[in-house]
Each structure stands twice: as C-alpha cells, then as structure tokens.
1. For the chain, with every protein chain kept in place, what is the accessible area per residue (1.4 Å probe, Å²)?
2. Would you mind computing, in nm to one decimal, how far apart the modelled labels at ALA54 and HIS143 are, each placed 7 Å from Cα along Cα→Cβ?
3. With every protein chain present, what accessible area does ARG132 have (1.4 Å probe, heavy atoms only), rounded to the nearest 10 Å²?
4. Hey, what number do you get for the chain at 222 nm if only DSSP H runs of n ≥ 4 count, each worth -39500 (n - 2.57), divided across all residues, to the nearest 500?
5. Shape of segment 2-63 from its Cα gyration tensor (a ≥ b ≥ c, root eigenvalues): rounded if a/c is under 1.5, otherwise prolate when a/b > b/c, or oblate?
6. For helix 113-126, what angle does its Cα long axis make with the longest principal axis of the chain, in degrees from 0 to 90 and rounded to 10?
7. Probe radius 1.4 Å, ligands and nucleic acids ignored: give me the carbon and sulfur share of the accessible area of segment 83-184 as a rounded percent.
8. With a 1.4 Å probe and all protein chains kept in place, how do GLU154, GLU10 rank by accessible area, largest first?
Amino acid sequence: MIIMKTEATEKQIDRVVKEIRKYGLRADVSRGEFKTVIGLIGDERKIPFDHFAALPGVKEVIKIEIPYKLISREYHKFFEGLESGTKVVEIGNVRIGNNELIVMAGPCAVESKKQLFRIAEGVKKAGTHILRGGVFKPRSSVHSFQGLGAIDWETAEKALMWLKETGEEFELPVVTEVRGEAYVDLVAEYADILQIGARNMYNQDLLTTVARKKKPVLLKRHFGASIEEFLSFAEYIAAEGNKDIILCERGIVPVGKGREYTRYTLDLAAIPAIRKETYLPIIADPSHGTGRRNLIFNMSCAAVAAGAHGLMIEVHYNPLEALVDGQQAITPDELENIIKACREISQIIGSKMNESQTDIR
Ligand code: PEP
Ligand code: MN
C-alpha cells in the first residue's frame with residue numbers, strides 16, 4: 001500500500017500507477033479528503049518496495065499482510081478515517097451501514113406477478129426497505145423448482161420485470177440472485193442489488209463479472225467458509241473497483257445432529273468479528289440461518305444485537321403455499337413485529353457500540 005504525500009500531484013499519482021502496472025499488478029487508487037492511497041492488487045513478490053518509496057510524491061510504503069486488505073479497516077483508516085465507522089452503501093434512497101436498520105424482505109422465489117405484488121404490499125406495510133425475490137434459485141436437487149429463471153430466457157426476463165415493476169410500485173429497490181455468469185447482464189438490467197448466493201461465494205469469475213456492473217453487490221457467506229475466506233472473496237469484488245459491497249451472514253453447517261433442529265447455524269459472533277476487520281456493512285439472514293419460522297424473531301433480534309446493519313427475511317402471505325422454503329417464511333404481520341423490536345435494539349446498539357477496539361485480533 002502506497003501512501004502519497006498530501007501535496008502529491010495527479011502526475012505523480014499516475015506515475016506510481018504506471019510503475020505498478022509495469023510489474024504486472026493492478027492499482028486501487030483511493031482518494032480521501034487529505035490523502036491518496038494506492039493499493040497493489042496481485043502477486044507482490046517481485047515488487048521492489050524501496051523503489052516505490054523513492055518515487056516523487058510518495059510519503060511511505062506500508063505492507064499489509066492480510067488477504068482482504070482493500071476492504072480492511074487497516075487500509076481505509078489511512079484515508080477516510082473509517083477506523084471505527086462503516087461504509088454507507090447507497091441504493092437509491094436507502095442507505096445501509098449507518099445506525100438505521102435496513103430490512104430486505106420478500107418471497108424466497110418469485111412465483112407469479114400476483115404472488116409478488118401481494119407479498120410486496122405486505123412487506124412494505126411492515127416497514128421493509130428493500131424487496132427480495134429469487135428468479136434464479138440455487139437448489140440442491142435438480143428435481144425441485146429452480147425458479148422461473150430456469151424455464152427459459154423469456155420467462156426469466158418477465159419475472160425480473162415483475163420484480164422491478166413491483167419494486168417501483170411500492171418504492172422499494174430490489175435485490176435478486178445472479179446464479180451464473182451468463183445471467184449477469186440480464187439481472188443487472190432489472191435489479192438494484194446483485195446478490196451472490198452462498199453456493200457461489202467461491203466463484204471468483206462470477207464475483208468479478210458481477211463487480212464490473214458497478215452496482216451494489218450482496219455477498220452471502222458460504223455455509224462452510226471461514227471468516228477469512230468470506231472476506232477474501234469479497235476482496236475480488238473490491239479489486240474490480242467496486243466497493244459497494246454488503247456482506248451477509250446466513251448460517252454455517254451445524255455440527256452433529258444439528259440439522260434436525262436448525263437448517264444452518266447462524267454464526268452470530270461472526271458479525272461483530274467481521275465488523276472489526278472491515279468497514280463494509282453486514283446483514284444477517286435468519287431465514288436460511290435457521291430454516292424455521294418460529295426461530296426467526298429471536299434470531300433477528302440477536303443478529304441486530306450482534307451488530308448487523310440489516311436483515312434479510314423470507315416472507316409469504318401463506319407460507320404453506322410457497323413453492324420454495326415455506327417452512328422458513330413468515331407472514332407480513334410477523335415481519336412487522338420483528339422490525340419494530342429490532343429497530344429498538346438497533347437504536348440501543350448503534351448508540352452504545354464501541355467499534356474502536358479494532359486491534360483485538
Ligand atoms: C437466497 O437468499 O435466496 C438464498 C438461496 O440464500 P443462500 O444463498 O444463502 O442459500
Ligand atoms: Mn430461500
């Protein structure tokens with residue numbers, strides 16, 4: 001990481017970037033109010049750091065040895081004072097990362113225009129900020145419903161259009177999953193946030209292609225991924241110059257007979273642990289994290305108490321009718337109750353939480 005002098009000129013910054021490229025690496029140029037910081041992206045083994053330290057305009061060269069340096073607090077503290085704060089990701093009028101709790105809710109899968117409209121009406125009334133709905137569903141079994149996106153291109157586009165129109169109708173930005181590289185352009189035309197699902201967290205080509213759309217990305221943690229892996233793959237998005245990343249803790253594989261009780265284990269400690277590492281906002285998904293509708297109230301409250309900036313929750317007016325994940329869907333009334341409780345918790349946590357202990361790792 002190269003810290004430029006306050007008085008460094010554009011020409012000097014350009015020169016450093018060109019030198020970095022000469023060694024086959026890429027540069028992440030971040031301009032703060034007072035300082036410009038240049039991060040190196042790629043294999044740094046052949047870089048002569050002394051040479052860079054001697055270039056005109058360079059104040060100092062600092063080595064950051066963590067695999068997710070671009071999204072780390074360590075990197076950002078040098079130019080944006082984000083040592084203790086969170087980056088606010090803006091999606092239209094919705095801002096995620098500050099003290100206001102943001103809720104993303106809607107059906108697991110978009111099934112019809114009518115179904116989506118009715119659920120959107122309910123979640124809006126309950127206080128939701130962003131409408132969710134899967135068009136391309138990642139399923140464990142090839143024999144189960146794969147989402148309308150799997151039928152054909154025309155149906156996929158129609159379902160995405162319903163999502164966009166319904167979002168507009170209720171003034172809710174929309175988030176939906178991009179399951180493969182082939183769909184990135186299509187989904188990006190309709191969605192406000194591009195979701196990368198847990199199963200695709202390790203798909204670096206997909207991460208890169210999605211990042212290049214320059215739209216906010218919601219990255220879900222793989223159910224077997226360590227915190228370091230999760231952040232390292234988020235770094236692939238940042239390395240494309242897209243730092244509008246929202247992380248999502250959605251549960252890891254339970255131990256022993258755990259699956260008989262909960263679908264996954266929502267890793268609540270990961271939320272404050274991740275907040276100490278990165279300035280990116282993080283939300284929790286208690287729906288997939290538990291797989292049980294009667295646990296969602298408690299786990300939503302717990303996730304917010306743990307420091308989540310938002311929640312993603314699956315909602316259906318009649319969960320028994322849902323084609324996918326009905327067992328974990330709650331009704332709009334239940335959602336309203338959760339949002340009210342979580343808002344109160346969020347206010348207490350937001351005002352009392354001390355994030356400045358970033359050095360405990
Ligand atoms: C989803 O949110 O629709 C989903 C499939 O979740 P995950 O990728 O976390 O399993
Ligand atoms: Mn689901």
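1. With all protein chains present, the chain gives 44 Å² per residue.
2. 7.0 nm
3. 10 Å²
4. Theoretical 222 nm ellipticity from helices: -10000 deg cm²/dmol.
5. Numbers: a/c = 1.69, a/b = 1.54, b/c = 1.10.
It is prolate, given that a/c is not under 1.5 and a/b is the larger ratio.
6. Long axis of 113-126 versus the principal axis of the chain: about 70 degrees.
7. So the carbon and sulfur contribution to the accessible surface is 47 percent.
8. GLU154, GLU10
The values are calculated or read from the model by the stated rules, or taken from the named source; none is laboratory data. Note that the coordinates shown come from a computational prediction; the quantities given were computed from them, not determined experimentally. Glycine also receives a Cβ, built like all others from the backbone with ideal geometry; neighbour counts cover every protein chain displayed. We work out accessible area using only protein heavy atoms, side chains counted, and drop any ligands, DNA or RNA first. Shrake-Rupley method; radii C 1.70, N 1.55, O 1.52, S 1.80 Å.
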